[in-house]
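Shown next, in structure tokens, is the structure this report addresses.
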Amino acid sequence: MDFRYSAEQEQFRQQIRQFLDDNVSDALREEIAVSGHSPGPLATEFLKLLGKQGWLGIGWPKEHGGQGRSMIEQSIFYHELDLQDIHYGNLTITSLALTLIKLASEEQKQQYLPHILSGDLEICLGYTEPNAGSDLASLSTRAVRDGDEYVITGQKVYTTGAHYASHIWLLARTDPTAPRHKGLSVFIFPLATPGVTVRPIYTMEGIRTNEVFLDEVRVPASAMIGAPNSGFYTIAVALDFERVFMGKYTKIRRNFDALLACCKETDDAGQARYDDPVIQDRLVRLHIDIERLRLLCTKTAWMIDRGKVPNAEASAQKILASELEQRLADEGIQILGPRALLEYGSPHVPMQGYLAQSWLLAPMMKFGGGTNEIQRDIVAQRGLGLPRG
Amino acid sequence: MELDLTSEQQQIKDAVRRFLSRECTPAMVRKMREEHAALPREIWQSMAELGWLSLPFADAYGGAGSDWVTLAVVVEELGRACDPTPFVDCIVTCGWLIQDVGSEAQKQQWLPPLIEGKLMLSLATHEETALHGAGTPPTTLRQCPAGLRLDGRKYFVVNADASDFLLVSAAMPDSAETSLVLVSPKAEGVELIALHSLAHANVHEVRFNNVLVPQEQWLGDGPVAQSRLDEALDRTQAFQSAAAAGGARQVLEMTVAYAKEREQFGKPIGSFQAVQHMLANVWTDVETAWLAAYEAITYLEAGLPAAEKVAIAKCASNATFLQACFTAHQIFGGMGYMWETDLHLWTRKAKEIELAYGGPHRYRRRLAALL
């Protein structure tokens, strides 16, 4: 048993670190901090640079243009990005591409993967509907076969990224007579297809998400991923990958380290917040829990490498990460006082406003990607074998 | 990176579990605890014959010199069985300390009978807060013409009445270092006073009143750095973390089995979301506590800096074991609370090992200093 990264993996980390040191500018960090998760010109350029370097397909098989490295190396890469403040939430790469590799036809892989790898193709997720949230299988968007095409009609909501993505990955009902889970299929098609309308909605954090209206949108039958009516399985695979990604510990670690550094700064009287044993203990308790999350992240990456599917583990990781992010932001603001309420760009803002931003984002992390209650159901039913209610 | 056990380690784990499910049943644990009794020697003898008492010791003394993960899986399984043995105290702590600091002659003298199950040892180092503020003077050792003289009191000595020797820490006048001596509990001037803890463990206060200790029972033939003892206690904590993770996993499995079987409102209570979510939380805690314990153990084995890993493993595993028990009580209800039921055996154990060899506050203070 060995918890350490191998010498080659450590060397790979150094290589990435060097690349990021050379290529991540303060201007890029600033743009990411203010752009509200919609990539600006520098971020788009940087994504293409990553693609050119082959960094987007680290864990992909070589035959699809990837580097054929392990999931552990792929996760090292994302962790290093986080440590550089490049909070890179691109599900196209971290979840959908891996799902395509696993489930798409050869033709579809040829069609999409090279463009994903070069950073040209970005996909948004069309799952949630106004009346289908946690109970996703009750969705009502319909795709009806018409010759070589499907005709899609319905509405999606909270479609983050739909205003800049090139494509949508959409779950629709293809067999209304089948049991709810068994009549759904996944399609991928350009958002520029006639009949698609994207409208903005703004979140509590101030960032843009969208609602997407589909009015008799015609897509070729070849836009379907996987077999007809197997869509619920397809998205389960994608969601397992998504949760592993949402449950990363590095951003939380980075914010914790920044908070700790703030607490150790001394004032004119030579006093530091960290001198207070109450504050020490709160930070120590957070530190212990971040380390526990790190260990679980290590385990899920190792499992994926060994060809195992982490489902209870992925769900647990998402629960821990989202709840820890909220606790860190909430307690961190308490420890630093009212200044920590200030947002990026304000005078006197500590930690570049991370705590404030993270505090506003945290509720979404707990209900997004499947609510933490659904995750606990998964742990209990798939992990512990408890009966469905 | 490798997070699986080797097939040999898995085989030992299975063998330990089979043995303990036969020899260390909850009924036996209960009887020992109700009577504050020591482990039957036949069981200890069988463990010696199976080779488990030899695991951490070098070949030269009859040991197996095994890897640490193998030892950890044994300790984890003992924790699962609500460990009624003095294995951790006797082998992992005392025996290993003798191997660390003893002279060659002492190792030759003490380790072979220990490995053969013929010698039982108990650690007697705890003196601080037992009588908080009462100001008991520290245990001291003085040279005298006949050898050494020991005076002082130690608390929470496990299994003291059944052990052949106690491994006692003491200070010498004018020395900043620590002395470790082996003292028979039957020696003149040694008094054992039984303590009655909620853990139902067999624990004693031991008073040393001008006890004569032969010179050759002074480990290392003189004082040793306090850090040697601290290192041994850290190692013990890392292995205890595996025991706590094992205990927690056992309690979780018992609770899941009960929740699947117990019906209310016409269905198994394990189908209710409120119950499922409590158990999902425990499962998550157990997974991460287990990983933390083994990470600390493998770091120690590799000689890497592990002070932080040990502290995290200690805090995580103890909190997890307790939380697993508290959750189990909530789900078992009366069926875990009645005297004749088994669950509370683990609950008591969880609290006992939380405080053994230094409680979580000490380790959080360490983390505060390391951060």
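Assess whether A:Glu8 counts as being within 14 Å of another protein chain (Cβ to nearest Cβ) and in a helix (DSSP H, G or I).
On the way: within 14 Å of another protein chain (Cβ to nearest Cβ): yes; in a helix (DSSP H, G or I): yes.
Taking the combined requirement at face value, the residue satisfies it.
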Item to check | Given (1) part of a helix (DSSP H, G or I); (2) more than 16 Å from the chain's Cα centre (by Cα), index of the condition B:Ala187 fails | outcome: (1)
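Please verify whether the range B:283-290 includes one or more residues that are at pLDDT 95 or above, among the small types (Gly, Ala, Ser) and in a helix (DSSP H, G or I).
Here is the first cut: in the range B:283-290, the ones at pLDDT 95 or above are B:283-290.
Subsequent filtering for residues that are among the small types (Gly, Ala, Ser) retains B:289.
Then drop every residue that is not in a helix (DSSP H, G or I), which leaves B:289.
There is at least one residue in the range B:283-290 that is at pLDDT 95 or above, among the small types (Gly, Ala, Ser) and in a helix (DSSP H, G or I).
It is to be established whether one or more residues within the range A:109-120 are buried (at least 17 other Cβ atoms within 10 Å of the Cβ), among the hydroxyl-bearing types (Ser, Thr, Tyr), away from chain B (no Cβ under 14 Å) and closer than 24 Å to A:Tyr233 by Cα. Before the answer, list the steps.
Taking the range A:109-120 and keeping what is buried (at least 17 other Cβ atoms within 10 Å of the Cβ), we get A:109, A:112-113, A:116-117, A:119.
Now narrow it down to the ones that are among the hydroxyl-bearing types (Ser, Thr, Tyr): A:112.
If we keep only those that are away from chain B (no Cβ under 14 Å) too, we end up with A:112.
From what is left, the residues that are closer than 24 Å to A:Tyr233 by Cα are A:112.
Within the range A:109-120 (the criterion being buried (at least 17 other Cβ atoms within 10 Å of the Cβ), among the hydroxyl-bearing types (Ser, Thr, Tyr), away from chain B (no Cβ under 14 Å) and closer than 24 Å to A:Tyr233 by Cα), the answer is yes, since at least one residue qualifies.
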Next on the checklist: Just to be sure before I move on: is B:Ala302 assigned by TED's automatic domain parsing to the domain that holds B:Ala280, surrounded by 22 or more Cβ atoms within 10 Å (Cβ to Cβ), of a type outside the set (Ser, Thr, Tyr) and modelled with pLDDT of 95 or more in the structure I sent?
Outcome noted: no
Checklist entry - Looking at (1) free of Cβ contacts under 8 Å to residues at least 12 places away in the same chain; (2) outside any helix (DSSP H, G or I), which is the one condition that is false for A:Lys248? => result (1)
Item to check | Condition broken by B:Tyr294, with the remaining ones in (1) touching a helix residue (DSSP H, G or I) at 6+ places or on another chain (Cβ under 7 Å); (2) at the interface with chain A (Cβ under 7 Å from one of its Cβ atoms); (3) surrounded by fewer than 23 Cβ atoms within 10 Å (Cβ to Cβ); (4) among the hydroxyl-bearing types (Ser, Thr, Tyr) satisfied | outcome: (3)
Checklist entry - So B:Thr288 clears everything in (1) farther than 30 Å from A:Ile279 by Cβ; (2) at the interface with chain A (Cβ under 10 Å from one of its Cβ atoms); (3) not hydrophobic (A, V, I, L, M, F, W, C) except one condition, right? Which one? => result (1)
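Taking the conditions exactly as written (within 14 Å of chain B (Cβ to nearest Cβ) and either surrounded by 21 or more Cβ atoms within 10 Å (Cβ to Cβ) or touching a strand residue (DSSP E or B) at 6+ places or on another chain (Cβ under 6 Å) (or both)), does A:Ile374 satisfy them or not?
Numbers: within 14 Å of chain B (Cβ to nearest Cβ): yes; either surrounded by 21 or more Cβ atoms within 10 Å (Cβ to Cβ) or touching a strand residue (DSSP E or B) at 6+ places or on another chain (Cβ under 6 Å) (or both): no.
Judged against the criteria, A:Ile374 is not a match.
Would you kindly identify the strands (runs of 3 or more DSSP E) lying entirely within the range A:105-187 that contain at least 2 residues that are among the aliphatic types (A, V, I, L, M) and under 20 Å from the mean Cα position of the chain (by Cα)? Show your work before the answer.
Values: elements: A:123-126, A:142-146, A:149-157, A:167-173.
It comes to A:123-126, A:167-173.
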Next on the checklist: Can you report the number of residues in the range B:266-282 which are part of a helix (DSSP H, G or I), surrounded by fewer than 18 Cβ atoms within 10 Å (Cβ to Cβ) and more than 8 Å from chain A (Cβ to nearest Cβ)?
Outcome noted: 1
Checklist entry - Any idea how many residues of the range B:1-36 are assigned to a loop (DSSP other than H, G, I, E, B) and surrounded by 15 or more Cβ atoms within 10 Å (Cβ to Cβ)? => result 6
Checklist outcome for this item: When B:Ser227 is run through (1) assigned to a helix (DSSP H, G or I); (2) under 30 Å from B:Met32 (Cα atoms); (3) more than 14 Å from chain A (Cβ to nearest Cβ), the failure sits at (2)
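On the basis of being within 14 Å of another protein chain (Cβ to nearest Cβ), farther than 26 Å from A:Gly307 by Cα, among the acidic types (Asp, Glu) and within 23 Å of the chain's Cα centre (by Cα), does A:Asp257 make the cut? Working first, answer last.
On the way: within 14 Å of another protein chain (Cβ to nearest Cβ): yes; farther than 26 Å from A:Gly307 by Cα: yes; among the acidic types (Asp, Glu): yes; within 23 Å of the chain's Cα centre (by Cα): yes.
Yes; evaluated as a whole, the condition is true for this residue.
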Item to check | the range A:271-286: number of residues that are away from every other protein chain (no Cβ under 11 Å) and either among the aromatic types (Phe, Trp, Tyr) or surrounded by 15 or more Cβ atoms within 10 Å (Cβ to Cβ) (or both) | outcome: 1
Next on the checklist: Among the residues of the range A:220-230, are any among the aliphatic types (A, V, I, L, M) and part of a helix (DSSP H, G or I)?
Outcome noted: yes
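Kindly check whether there is at least one residue in the range A:349-358 that is within 14 Å of chain B (Cβ to nearest Cβ), part of a helix (DSSP H, G or I) and either among the acidic types (Asp, Glu) or buried (at least 17 other Cβ atoms within 10 Å of the Cβ) (or both).
First, pick out the residues of the range A:349-358 that are within 14 Å of chain B (Cβ to nearest Cβ): none.
No.
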Checklist entry - Which ones in the range A:290-307 are facing chain B (nearest Cβ under 7 Å) and within 18 Å of B:Leu371 (Cα to Cα)? => result A:Glu291, A:Arg292
Checklist entry - Within the range B:84-103, can one find any residue that is more than 24 Å from B:Ala242 (Cβ to Cβ), without any contact (Cβ under 8 Å) to a residue 12 or more places away in the chain and surrounded by fewer than 20 Cβ atoms within 10 Å (Cβ to Cβ)? => result no
Checklist entry - For the range B:104-125, which residues satisfy the criterion of being surrounded by fewer than 19 Cβ atoms within 10 Å (Cβ to Cβ) and part of a helix (DSSP H, G or I)? => result B:Glu104, B:Ala105, B:Gln108, B:Gln109, B:Pro112, B:Pro113
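Taking the range B:297-318, which residues are facing another protein chain (nearest Cβ under 9 Å) and part of a helix (DSSP H, G or I)?
B:Ile297, B:Thr298, B:Tyr299, B:Glu308, B:Lys309, B:Ala311, B:Ile312, B:Cys315, B:Ala316 - these are the residues of the range B:297-318 that are facing another protein chain (nearest Cβ under 9 Å) and part of a helix (DSSP H, G or I).
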Next on the checklist: Condition first: charged (D, E, K, R) and surrounded by 14 or more Cβ atoms within 10 Å (Cβ to Cβ). Now tell me which residues in the range B:37-60 satisfy that.
Outcome noted: none
Checklist entry - Any residue at all in the range B:85-96 that is modelled with pLDDT under 95 and in a loop (DSSP other than H, G, I, E, B)? => result yes
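Please work out if A:Asn255 is surrounded by 16 or more Cβ atoms within 10 Å (Cβ to Cβ), within 30 Å of A:Asp330 (Cβ to Cβ) and modelled with pLDDT of 95 or more. Talk me through it step by step, then tell me what you get.
Numbers: surrounded by 16 or more Cβ atoms within 10 Å (Cβ to Cβ): yes; within 30 Å of A:Asp330 (Cβ to Cβ): yes; modelled with pLDDT of 95 or more: no.
When the stated conditions are applied, A:Asn255 does not pass them.
Condition check ((1) hydrophobic (A, V, I, L, M, F, W, C); (2) out of contact with any Ser or Thr (no Cβ under 6 Å at 6 or more places or on another chain); (3) not assigned by TED's automatic domain parsing to the domain that holds B:Leu345) across all residues:
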residue: B:Val157; (1), (2), (3): yes, no, yes
residue: B:Ser169; (1), (2), (3): no, no, yes
residue: B:Ala176; (1), (2), (3): yes, yes, yes
residue: B:Leu182; (1), (2), (3): yes, yes, yes
residue: B:Glu188; (1), (2), (3): no, yes, yes
residue: B:Glu191; (1), (2), (3): no, yes, yes
residue: B:Arg207; (1), (2), (3): no, yes, yes
residue: B:Asn210; (1), (2), (3): no, yes, yes
residue: B:Gln215; (1), (2), (3): no, yes, yes
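The values are calculated or read from the model by the stated rules, or taken from the named source; none is laboratory data. Owing to the predicted nature of the structure, the values given are computational and were not obtained by experimental measurement. Cβ coordinates were reconstructed from backbone atoms using ideal geometry, including for glycine residues, and neighbour counts include every protein chain displayed.
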